[in-house]
Amino acid sequence: MKRYFIAAIFVGFIVLAIGLYLGLAAASPLPSFRIETLEGDSEEGKALRLMGIFENGPYNETVEITAEGSKYAVERSVYERFRYSLTPDIPELERLIAAYPGFMRGKYFSSANYYQDEEWLVRLRVQDTYAGSGIKEGRYKFMVDMLDKKNGQKRSLAAEVPDRLDIRKVMDIQKLGDTLAVALLAYPFQQSGFHDIAELRIYHVSLENGQISDGEKLDFGLNLQANQDIRLYEVSVPDSTASQKYLLLEATLLETEPMPAGNASNNVRLERTIPTREHRIFIYEYETGKMNTLTLPSVSPEFDGNIQFYGDDGGIVRLMMTGEEIHLSRYRLPDLRPDNEIQLTAADLKAESLEKTAWGKDRLYILHTARGLPAVTALELSSGNVVYRGAVTAAKAASANPENLRISYMTVRP
Amino acid sequence: MIRYIKLVLMELHRFWKIYAALAAITVISQTAGLWMSIRSHIKRVHWEMELTSIGTYAEFAKTYGRTSFRSIVSFNELFFMGPVMICIAVLLIYVFLIWYRDWYGKNAFVYRLLMLPASRFRLFWAKLTAIMLFVLGLVALQIVLLPLLMAMYRQMMPAELSLAESVFSYVRHHIVFQILLPPHAADFFLYYGLGFVAVTVVFAAILMERAWRLKGLIAGILYVSAATLVMTFPLSLDYVLYPHEIWGLMGGIGLVLFLASVWISRTLLAKKITV
């Protein structure tokens, strides 16, 4: 009998200790925060996701805050962490995976490799073809997959790229009737030695038979010297998978010089960046195949802040931002005429300092501090009006001190 | 049921001395380790205060910062994690010994066990239950011990030098405890569920060896290797499967492995193992 009694106490101890532990752990989560709408449409706040650190005694806890609440990395279950590690952190792709899981299965790439409109979802993958030698030969195939959204039927085709290239990146794809325009950043193919100047090429692939009709190499009209190169960056767009009239690229001029003797290996060279005070935006119009250049006014040498670009079918915006003020210049498309200029100080936004920004559709979201707490203000780009104000608030003020919260970046779900 | 409980009690009774020793080592080592760490830290603080002419703990904390429970424990981590590792090692060994001591122990106890006028399969469940109780008992002990050690830290450390943290924060950031004592209920059941399946697989392998000796040993090793491979295989399918599908597949494989191991053990105990 004594043995039964001791065993019962032992089992009771296990159940009680583990039950209490798991129960208390579930009942005492880390402080909860959320983005609260102070002014404007609360739907604006639902698109925002703030990532930061919460100082919890000796630990710095990574936290994600949305309008629904907060989620700490350490509070994620093993499954949630596993899912997080295998899901691309690109809102456009996350949305496509949720909507078309069969088509997206195992094939993510970058959001620039996708195009969608009401009827079609198209994916392009660039595949190396080695012709059996095992060495890169500069030959590629475009592997195109198409999903008819209405009937769920999938079609695939392969198209051989006619030119020998060293393809670096797919910048964008757009469906124009029965053809797919593919914008590529590539170097001319070289077996060894230094690369030539980067090229932007537009190929048109027939979606009927996979024929590539041309491989237009776009002329930037820069007259580059032998020791000069350009780097092209995509201008932020509201949704890189959506149908767009233009391909917008920002150009940065680089001057290159070879490594000193003894340090150089065959394919390595030192690249020195020239500080760009003059910004150029290349605008390629898919319908007409025309290329335009927008040369923006030079930036003053005293300016020591952050410069970003945003574009949509209606215009291009240059943002110049410091901790104290933001300056937005908008240029209309297609005529490139200056549209509006917005200059706002931290005080105008009731902010103590301006920290980060993120782009949304016709929106600039500004992360700043207000009364020591993280807050977000949204500007409508076309009008320059403040359309939303939100602030991070603690669910239970007693347990959460928002002053221990530091937001490091912000993303916007399209 | 009564016979099964009797068998479990017998298994618990046969191991209780070693088990009590493991529990005692854990309590003594962790308490002593923490006590020594706090003492030597306070000594160091006093020495530093004398050297730098700092008058109060508050001033010291302002200059050098406060010291958390986590930092104090890390000064003597061996005292803390050493007994945990010993417990894990002993229990891993006992997964094998729980069977082999019946054959190779005093008086070849297995003759009596296998001749009992009841299903031999109860023996399998009794041993499996005993192992799980031993594991969960030590887990429960550590769960109770941690808040007590934290209370001891708060008691011994001057308030100005200590830095508050919860048991859960400490566990979540500890490389070993976040696996042994996961505060997320789903993780707790996942880890110990996996452990439970692993023990049944090993039991099946042990019984293969007992049934066919050398050939059984080879079969057992192959079975354990195959089970590990099959269980982890879905992880390599991340390029075609979504996370919830991989998880579901692993759950299904775990269940199949459990049922297969139970069936193998039952068949071997009933038909192949003779005394």
Hey, got the dipole for the stretch B:1-181? About the Cα centre, +1 on K and R Cβ, -1 on D and E Cβ, debye to the nearest 20? 980
Stretched fully, the stretch from B:M36 through B:A260 gains (0.36 nm per residue minus C-alpha distance, one decimal, in nm) 75.7 nm
Length-normalised contact order of chain A, Cα under 8 Å, at least 6 apart, in percent, tallies to 15
Other chains' Cβ within 10 Å of A:19-30 residues: what's the mean? 5
Quote the charge dipole size of the stretch A:327-414 about the Cα centre in Debye, to the nearest 20; the model charges only the Cβ of Lys and Arg (+1) and of Asp and Glu (-1). 300
So, for the stretch B:184-275, what is the accessible surface per residue at a probe of 1.4 Å, expressed in square angstrom? 53
Partner shielding of A:7-18, taken as the mean number of other chain Cβ atoms within 10 Å, equals 5
Relative to the longest principal axis of chain B, what angle (0 to 90°, nearest 10) does the C-alpha long axis of helix B:185-232 take? 40
Area of B:T56 that stays accessible when all protein chains are in place (1.4 Å probe, Å², to 10): 60
Sequence-separation-based contact order of chain B, relative, with Cα cut under 8 Å and 6+ spacing, percent: 22
Among A:F33, B:L34, A:Y203, which residue has its Cα furthest toward the positive end of the charge dipole of the protein assembly as shown, with +1 on Lys/Arg Cβ and -1 on Asp/Glu Cβ? B:L34
Which of A:R389, B:R70 is most accessible, then next, and so on - probe 1.4 Å: B:R70, A:R389
The summed charge of the B:R101 Cβ neighbourhood (under 15 Å; Lys/Arg +1, Asp/Glu -1) stands at +3
For chain A, which DSSP H helices look membrane-span-like by this rule: Cα extent along the axis of 18 Å or more and mean Kyte-Doolittle of at least -1.0? A:2-27
Each residue of B:180-188 has, on average, a number of other protein chain C-beta atoms within 10 Å of its C-beta equal to 6
What number comes out for the charge environment of B:A164, summing +1 per Lys or Arg and -1 per Asp or Glu over other residues with Cβ under 12 Å away? +2
Using a 1.4 angstrom probe with every protein chain in place, what is the largest-first accessible-area order of A:V144, B:V240, B:V167, A:V15? A:V15, B:V240, B:V167, A:V144
Protein heavy-atom accessible area occluded, A/B pair - total, 1.4 Å probe, Å²: 3600
Net charge near A:E208, counting Lys/Arg +1 and Asp/Glu -1 over other residues with Cβ under 12 Å of its Cβ? 0
Round to the nearest 10 and give me the degree value, 0 to 90, for the angle of helix B:77-104's Cα axis relative to the longest principal axis of chain B. 10
Backbone HN-Hα couplings from phi across the stretch A:297-312 [Karplus 6.51/-1.76/1.60, Hz, Gly and Pro as x]: x, 4, 8, 4, x, 6, 5, 10, x, 10, 10, 9, 10, 9, x, 9
Taking placed amide H atoms and a strict 5 Å upper bound, the residues 5 or more places from A:N340 or on another chain that come that close are A:R330
Excluding ligands, DNA and RNA, the carbon-plus-sulfur percentage of the accessible area of the protein assembly as shown with a 1.4 Å probe reads 59
In Å³ per residue, the alpha-carbon convex hull of the stretch B:1-181 encloses 120
Using a 10 Å cut-off on Cβ atoms, rank the peptides A:30-43, A:111-124 from the highest mean neighbour count down. A:111-124, A:30-43
In units of 2.2 N^0.38 Å, what is the alpha-carbon radius of gyration of the protein assembly as shown? 1.26
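The values are calculated or read from the model by the stated rules, or taken from the named source; none is laboratory data. The shown structure was predicted, so the numbers you read here are calculated from the model rather than taken from an experiment. Reconstructed Cβ throughout: ideal geometry from the backbone, glycine too, with neighbour counts over all protein chains shown. Note: areas computed on protein heavy atoms with side chains; ligands, DNA, RNA excluded. Shrake-Rupley method; radii C 1.70, N 1.55, O 1.52, S 1.80 Å.
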